[in-house]
Each structure stands twice: as structure tokens, then as C-alpha cells.
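Colleague: This is the structure, below, for whatever I ask next.
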Amino acid sequence: MPHHQQSTPATKPSQSLSSALFQPRSVALIGATADQSKNNSRAQRLLQKAGYAGRVIPINPGRAEIMGLPAFPRIQDAPGPIDHAFIMVPAAAALEAIESCVEARVQVATIFTAGFAEIGDEGRRLQERIAATARAGGLRLLGPNCLGLLNVTDHFPLSVNASVEAEFDRLQRGGVSIISQSGSMMGALMARLVDRNVGFAKLVSVGNECDVGVGELAELLVEDEHTKTILLFLETLRDAECLARAARRAYENGKAIAALKLGRSEIGRQLAASHTGAMLSGDHLAEAFFADHGIMRVDMLEALVELPRFVAGHRPPKGRRVAAITGTGGAAALVLDRVGLKGHAVVGPTPEMRARLAAAGAPVSDAALIDLPMGGTKEQYRTVLTELANSDHCDAVLAVLGNTTRLRPGQVDENILSADRGDKPLAVFVAPEAPQALDKLAEAGVAGFRTPESCADVLDAFLKWRAPYRHPAPDDSEIGHAAALLKAAGPGATLDEYEASQVFAALGIEVSASQIVSDGTALKPVAGPVAIKILSPDILHKTDAGLVELGVTGDQEVSSCVTRLLDRACSQFPAARIRGVLVAPMQRGLAEVIIGYKRDAEVGPVVMLGVGGILAEIRRSVAVRIAPVDEAEAAAMIAELPDLRVLSGYRNLPRGDVAALAKAVSRLSYLAAVADPAVAEAEINPLIVRGEGRGVVAVDGLIVVAASPAAAREQ
């Protein structure tokens, strides 16, 4: 997948597609029925109930009239033009329906029907035939296996979702749009947002995404004047390149995108030739993708519900600081403990603030959490909240209300709504179950939470939010020599440690001096202890195979070791290509790290930093970014890893050369700019970090060149 540069102008999506999807002049219902007990009848009922202004055309070969409208046996028989077709026939008849839509010159079809790629190979083949037929005929497809879409702004519901029908009368116009890969979760999320008095612009269920996907829909909604916030419910990333463009465009337009993505567990980790491939989970990649393109991420459905209200009108924060006021310390701690575990700071009042508050009759201590005894008076609470909301010592404010709120919901007006809330994001956690209090907050446009987990989740998502990252653009002077070496190796090549080290050196990363020998007699004299390892592109994990020996001293012992490792390699791996044995001086330093590069099929090129050596896959403590990155971003990756705090002089330990490490991470990430041929995977493990000012040195590594540009995208 091509790398996304922020400087690359994003092309605006097709206005005709947007109109045909969300504002069609006419819609045909293929598989319409007058039987009110069947799901297929719901689509027409909803359109009539909504007062859709366009033409509704039922298609059913056995009926001349359905719900008071003329019906037609085939879509070709209906008067045109027809902008949008909603297909509800069984999967076996879907191909014929698509062919009919092509013949009738329909612009877009939404396929509600299931029974395609989600059921296995046979369904996948049918889906591919349908997609190919539509593509050849100029027909765009939404679905299959999707529950449709709603344009609340323009009274166009096209869905068979029971939740849509159940909640239809309560749907309000507003600025929130939803794109969901799960039809049922679109309904669930919509119902929760309705309960919280949130208004909608557009809602779309995408199903199997055989054509129009999340990314392209996001591009459409970013340009929609009614959409202010886009919520994504994701199971996977299928068209990340489009979504990246949409997210960057959203930021330019002052809009927010937030995602809830499933798959944080270990399930689905893809193994690859390198440790990097094994250490990177799909969740690491998704997290890096979202952060890179300015997409907020939450873990909880309830957090996704409340986030639009919390971030409305705001841009990414300058820092990661929360100020908090409460009348019930325990309830506030439930939120702040989680906030602190995410790495955010809970900040107390400044001396100047304390002086102003004392003068205003609301004295407070310098504790991080402002806890008013027994809740204080409403005047004190309001005074403190006003001060926090208008200060510059924090980036968000948490206000916690206690048990009294359940008995007296008016406390929301007295303590919260009557305060000057400034222009800072405010989250209110109502500790007891107090629906009336939450309703008051919702009506006032204030984010209110009934659980500490969802409150902390939204605070975390906002405080991590940043503007889309502007990637460096390496020029030929920085990558030209490395690109030439890779081109000489050729597509599909796996470079061994020595060959890979030449590429690393060309990128500006120091490598260990070494010699290659084919037998013990060809060895040049060595000084000091050396590391000895088999040199073969076909044997990837040599330590596990007993083909690495460290700290060997003396010419005779080194010579014997060379012979021993060659014999062992030939015996254990008779089919492997063995170039010889690599002999290199032992390197010492303060820490061993792994830096890896991978071109991922979903999110594109990424760079990874983690604890290296033999512990790499055990620790799995990693920082990941979309590549390439500059040295400042690489330094931020280093700061993320607790295991590397020792390099910063932790408890008076010697300082490591963090600047040199950041440069090495950045330079390895420059492989993202090499396109001919592209690199599928690369890794340095370990990279030895020496003392401050003494640099870093690559001791071992490998590079796998993609077989072709397409293969690079499919890694």
C-alpha cells in the first residue's frame, strides 16, 4: 500500500456517488413485499414513514402493487432514471439482480442479502462475480450482508434494521455520522446515542465491503456539511488508504473521527520471517494507524456514545493533563486511577489559583485532586469548576458528582451548568445511577458518564489525540545508496546479516565490523572476544539452532568454532544456502534493542522499537509508528517504553546515547521511501546502545525484499 504523505493533496470523492447513496431521486426495492411480517417489508414502511420525497419503486415479479405503490416485475421494467437499488433477494438471485441494475443504468446498489464471503469460499466466489459484474457495468455497491443506511438530515432511511424502525420516531437531526462494519452494532450504537439525546446526520452499515468501504464513505462524510463527528465501529481495516485520506481531510475541515476497533487480543497475530512480524499484533498496527492520521480511539461502546459531546468544537490538546474536582474522593479515584495508568498527568491547582480560590471563599489544598469536604457548598463547587475550566494548567477537566445527585438532580444545574465552563473539554462522572442528572447534562450539551470506565476511556482518547503526523520525505542523498543495494539484490531476495548490514550502513546506521570465512584456516587474526554465527539467508533464527557462539577468544578456539558451526549447519540444514561464517568483534553497551520495519497489507509501512536480544519476543514491549518518522518522533517512541528508562540516567545509572538510537530508528524507517524494489521486512536485533555520545551499533539483522509492489502490499 502506498505510504500516506500529509503533503499529498487528497482528492475529493465523487459528489455523484454521495448523492446516489444519501440523496437519491429514486430508489428501487428489489424483493419488496406486502407481507408485514417479513423483514423485506420494513424498507418500504420506513421510507413512507419518513416522508421520503423521491420515488419509491417496489420490484416483485408476483405483485402489481405493494403498499399502495405500483410494483414492477424487473427493475428494467420500471420508469427511470433509478439512482439507488436496495437488493433483498436471496444470495442465489443476487447476481441476476446486479445484472438487471447494470442494464437499467442504476448508479448504486445496496445489498442487504447475506450468504457471501462471510460464509466461506463458495460465498466469496459469488461475491467476487457480483463485484466484477458491477464494476464492469459502472455500478457501485454497498455491502453485501449489510443493513443499509440512513440520511437523517434528508429523511432517507434505507434499511431493514429492526432498531431503526423501533427508534425511528426518536431520531433527531444533528452532527454525528456513524459507519459500522457490524450491522447489529450500528443499531445498538444508534439506540444508545438516541437515549443520550444525540442527533444524527448519516448512518451506514457497510457489510462485506466488496466495493464501497469505510474509507470511501468517510471521505464522503468529511465533505458533508451536516456531519461534524464521524464514529467508526470497526472489525478490521480494509481500505486504510482511503480512511487515512479522510482522517487528514477531516482535521483540515475541523471535524473529529473516533473509532472503536475490535481485536485487541492476541488472536490473529501474524508470524513472519523476523521477530518484528511476530511481535507486532494487529492492535499495535491499528493503534499506530489511528494516531498517525488523527483518529481518536476508544475501547468501550459507551465511550463512543459520549465522545462526540466531549470533543465538540475542540482540537487536539497541547498536553496530557487533567484537572479534577469532586465531592466524593473514592468515585473520582475510580476515574483518575485509569487515567494515570494510561500515562496522563492529574494536575493540582497552581499557587496563584489557590490564592484566587481562597479569596473567593473556596480554599483548596495543593493536592492533585480537589476534593471538597462533603461536596462543599454549591457556590464553592461552582467557583472551583469555573477556575479549572478557564485555567491553562490543564487540557481537560473532570467533575464528579456524588450520591446527592440521585436524590436531587438539580445539583447538576447548581454545581455544573451554572459555572463558567470556558472552552475546555469537560467530563462529568455521576457516581450513583442518576438518569435524570445525566439527561440534564445531555440537554445542555455536556458529556455525562454513568461509569468510571467510560469516562476514563473518553479522557484517554482525547488526551492522546493529536494532529495528523507530517512524515519526513527522505531524498536520494539519504536513501539512494541503500536503494541501489536493494535493487541489486533483486525482488524476492532475503539478505543475510552481512548483506543487510551494508544496507543499514548506507542508511547511516553504524554496523559491526566483520569478516566472512568459509573455513577455520581462512580466518584473519582476531583481537579480543568475537561473536561467531552461520551466515545463511535460509536460516532465520540461528541462536535457537545453536549456530551462534559469543565471547570466543583466541585464534585457535575461533578457528575450531568456525569449523564446528559449519558442520552443525550442514547437518541440520542440508538444503540451506550457507555463505560461510560471520566473525565480528563482541560489542558492549548499556542496552540491547530491536528496531524493525514491516510493510503491512492493511496500514502500510511501519517502524517498531522494542527491547532486543533473546528477550525480544518474551517482553513484547514495543512502540510502533507509521513510517517514515523523523528523529523527534523516534525519540517519542523511546520515551514510551518503560524498559528503556535506564537509558535516561534512571536512578543515576549511566546515560545511554538516546539521540543516536533515535537517529537509527528514523533511518531504518526511511526504507518506506524505497519503492523499487520495496522492502517487505527489515530488522536489526540487537542494536547495541552505548553510553551517551558513543553511538549505537547494529550487531545482527535481516532484510526481506518484496517479490513485487503487489506482494509488498500483501505481506
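Colleague: Out of (1) at pLDDT 95 or above; (2) out of contact with any Phe, Trp or Tyr (no Cβ under 6 Å at 6 or more places or on another chain); (3) at positive phi, what's the single condition that is false for Gly343?
Modeller: Every listed condition holds for Gly343 apart from (1).
Colleague: Tell me, please, whether a residue that is among the hydrophobic types (A, V, I, L, M, F, W, C) and farther than 26 Å from Ala250 by Cβ can be found in segment 306-324.
Modeller: Looking for residues that are among the hydrophobic types (A, V, I, L, M, F, W, C) and farther than 26 Å from Ala250 by Cβ, one finds at least one in segment 306-324, hence yes.
Colleague: Does segment 597-618 hold any residues that are modelled with pLDDT under 85 and of a type in the set (D, E, K, R), and which are they?
Modeller: Scanning segment 597-618 gives a single hit, Glu617.
Colleague: Quickly run through segment 140-159 and pick out the residues that are assigned to a loop (DSSP other than H, G, I, E, B), in contact with a helix residue (DSSP H, G or I) (Cβ under 7 Å, 6 or more places away or on another chain) and crowded, with 23+ Cβ neighbours inside 10 Å.
Modeller: Pro144, Asn145, Cys146, Leu147
Colleague: Of all the residues that make up segment 624-657, how many are assigned to a helix (DSSP H, G or I), within 21 Å of the chain's Cα centre (by Cα) and charged (D, E, K, R)?
Modeller: 2
Colleague: Conditions: (1) modelled with pLDDT under 95; (2) surrounded by fewer than 24 Cβ atoms within 10 Å (Cβ to Cβ); (3) touching a Lys or Arg at 6+ places or on another chain (Cβ under 9 Å). Ala710 meets all but one. Number of the miss?
Modeller: Checking Ala710 against (1) modelled with pLDDT under 95; (2) surrounded by fewer than 24 Cβ atoms within 10 Å (Cβ to Cβ); (3) touching a Lys or Arg at 6+ places or on another chain (Cβ under 9 Å), the one that fails is (3).
Colleague: Evaluate segment 172-180: report whether one residue or more is surrounded by fewer than 23 Cβ atoms within 10 Å (Cβ to Cβ), in contact (Cβ under 8 Å) with a residue 12 or more places away in the chain, within 30 Å of Arg599 (Cβ to Cβ) and of a type in the set (Val, Ile, Thr).
Modeller: Within segment 172-180, not a single residue is surrounded by fewer than 23 Cβ atoms within 10 Å (Cβ to Cβ), in contact (Cβ under 8 Å) with a residue 12 or more places away in the chain, within 30 Å of Arg599 (Cβ to Cβ) and of a type in the set (Val, Ile, Thr).
Okay, residues lined up against (1) more than 21 Å from Leu301 (Cα to Cα); (2) in contact with a Pro (Cβ under 9 Å, 6 or more places away or on another chain); (3) without any contact (Cβ under 8 Å) to a residue 40 or more places away in the chain; (4) not hydrophobic (A, V, I, L, M, F, W, C):
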residue: Asn390; (1), (2), (3), (4): yes, no, yes, yes
residue: Ala399; (1), (2), (3), (4): yes, no, no, no
residue: Ala444; (1), (2), (3), (4): yes, no, yes, no
residue: Ala467; (1), (2), (3), (4): yes, yes, no, no
residue: Pro472; (1), (2), (3), (4): yes, yes, no, yes
residue: Asp475; (1), (2), (3), (4): yes, no, yes, yes
residue: Gly492; (1), (2), (3), (4): yes, yes, no, yes
residue: Gln502; (1), (2), (3), (4): yes, no, yes, yes
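Colleague: Follow-up. Take segment 590-611 and flag every residue that is within 20 Å of Glu497 (Cα to Cα) and outside any strand (DSSP E or B).
Modeller: Hits for segment 590-611: nothing passes.
Colleague: Any residue that is surrounded by fewer than 24 Cβ atoms within 10 Å (Cβ to Cβ), more than 30 Å from Gly589 (Cβ to Cβ) and out of contact with any Ser or Thr (no Cβ under 6 Å at 6 or more places or on another chain) - is there at least one of those in segment 507-515?
Modeller: No, every residue in segment 507-515 fails to be surrounded by fewer than 24 Cβ atoms within 10 Å (Cβ to Cβ), more than 30 Å from Gly589 (Cβ to Cβ) and out of contact with any Ser or Thr (no Cβ under 6 Å at 6 or more places or on another chain).
Colleague: Here is a further query. List every residue pair whose Cβ atoms lie under 6 Å apart, where the two residues are 6 or more positions apart in sequence or sit on different chains, the first residue falls within segment 288-305 and is farther than 18 Å from Pro468 by Cα and of a type in the set (D, E, K, R), and the second residue, located anywhere, is at pLDDT 95 or above and in a helix (DSSP H, G or I).
Modeller: Asp299/Asp457; Glu302/Ser454
Colleague: So in segment 196-240, with the set limited to residues that are polar (S, T, N, Q) and not in a loop (DSSP other than H, G, I, E, B), which one is nearest to Pro316 (Cα to Cα)?
Modeller: Thr229
Colleague: Being surrounded by 19 or more Cβ atoms within 10 Å (Cβ to Cβ), in contact (Cβ under 8 Å) with a residue 24 or more places away in the chain and farther than 30 Å from Arg248 by Cα narrows it down to one residue among Ala461, Ala427, Ala431, Ala456; which is it?
Modeller: Ala431
Colleague: Which condition breaks for Arg651 when tested against (1) within 30 Å of Thr494 (Cα to Cα); (2) at pLDDT below 95?
Modeller: (1)
The values are calculated or read from the model by the stated rules, or taken from the named source; none is laboratory data. Since the model is a prediction, treat every value here as computed from it, not as a measurement. Positions of Cβ are generated from backbone atoms using ideal geometry, with glycine treated the same way; all protein chains shown enter the neighbour counts.
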